[in-house]
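Worksheet: the structure to be examined is printed underneath.
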Amino acid sequence: EADITALQETKISRDGLPESLAIVPGYDGFFAFSSRRSGYSGVVTYVSAEGRGTPVAAEEGLTGALTRSAVDEINIPIKVNQNDGRGGFSPRELDLEGRAVITQHAVLNEEGGELILDVVNVYCPRVDPDRPDRAAFKLAYLSALEVRVRSLIECGHVVIVLGDLNISHCLTDHCDGASLDAAEFNTRPDRLWLSRLLEEAEGGVRLWDAFRLRHPTRTEAFTCWNTKIGARENNYGTRIDYILISHPNLIEDCD
């Protein structure tokens, strides 16, 4: 009975989408598909057609490149730090893997006024130590996510970023946290990015971790387990899925 349900890693192609998932009674579905290979990545946001969350706009991707022609975006690449040898990726490249859907909702606040809520449903790339190009891609993708979120907040919108960030933020979010080297753990580039976003990003933009707002010291609260070794049975996992919000006073609970 949720107004909004967001799923990641659907691994469904546009051509292979079954009717039962495309048309869910009582809900409108907003999909992002990978254009690079089938059975890979993908996200969907289902919104109740009769609830409070009916979107006024929806968009596939983070950068807007999928709604522009290739000519429009060819000269505006989003780059990560050039000092460490990583190259740049065009906005279209970042959005071709079907990793984000943004839905925009007009909702009433407690005073009866209208506010604009943007729900950014993301499935961020995984860090692969054997593929340095994917590490660079992930950092570029996180940069694009931050740029888009900052622009929405600066427009006065309430923003919720939710989904699989593929980042364990703190040692308490990792099953091996007690035995890991804290300095090495905390200085991984994607963790530094998330820490900065949860403290204060450029321009004063900040997001809050909804779960940690309600459970700041809770341990063994994991969202991902290695299925190959049956790790969920013993809760030997990590917390890599988040609900991040720009206005913490709007969170009633998160678990």
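The values are calculated or read from the model by the stated rules, or taken from the named source; none is laboratory data. Quick caveat, the model's predicted, so the values are computed rather than measured. Methodologically, a virtual Cβ is constructed for each residue, glycine included, from the backbone with ideal geometry; neighbour enumeration extends over all protein chains shown. With ligands, DNA and RNA removed, areas are computed over all heavy atoms of the protein, side chains included. Shrake-Rupley method; radii C 1.70, N 1.55, O 1.52, S 1.80 Å.
Values computed for the structure shown
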{"quantity": "Top positive-direction residue, dipole computed over the chain with Cβ charges, set THR67, PRO248, VAL119", "calculated": "THR67"}
{"quantity": "Heavy-atom accessible area per residue - the chain, 1.4 Å, Å²", "calculated": "53"}
{"quantity": "Length added when fully stretched, ASP255-GLU111, from 0.36 nm per residue minus Cα-Cα", "calculated": "49.1 nm"}
{"quantity": "Rounded Å value of the spacing that divides the Cα centres of region 227-241 and region 121-187", "calculated": "19"}
{"quantity": "Accessible surface of the chain, 1.4 Å probe, proportion on carbon and sulfur as whole %", "calculated": "49"}
{"quantity": "ARG52, ARG239, ARG214, ARG188, ranked by accessible area, largest first (probe 1.4 Å)", "calculated": "ARG52, ARG214, ARG188, ARG239"}
{"quantity": "Full-extension gain in nm, ASP15 to THR187, via 0.36 nm per residue minus C-alpha separation", "calculated": "57.8 nm"}
{"quantity": "Gaussian network model of the chain, springs between alpha carbon atoms under 10 Å - residue of VAL101, VAL127, VAL159 with greatest fluctuation", "calculated": "VAL127"}
{"quantity": "Relative contact order of the chain, pairs being alpha-carbon contacts under 8 Å that are 6 or more residues apart, as %", "calculated": "15"}
{"quantity": "Solvent-accessible surface (1.4 angstrom probe) belonging to GLU199, in square angstrom, nearest 10", "calculated": "120"}
{"quantity": "Taking region 88-129 and dividing mean pair separation by its residue count, relative contact order in percent (alpha carbons under 8 Å, at least six apart)", "calculated": "35"}
{"quantity": "Value of [θ]222 nm, deg cm²/dmol, for the chain, DSSP H segments ≥ 4, -39500 (n - 2.57) each, nearest 500", "calculated": "-6000 deg cm²/dmol"}
{"quantity": "Net charge over other residues, Cβ less than 10 angstrom from the Cβ of THR103 (K, R count +1; D, E count -1)", "calculated": "-3"}
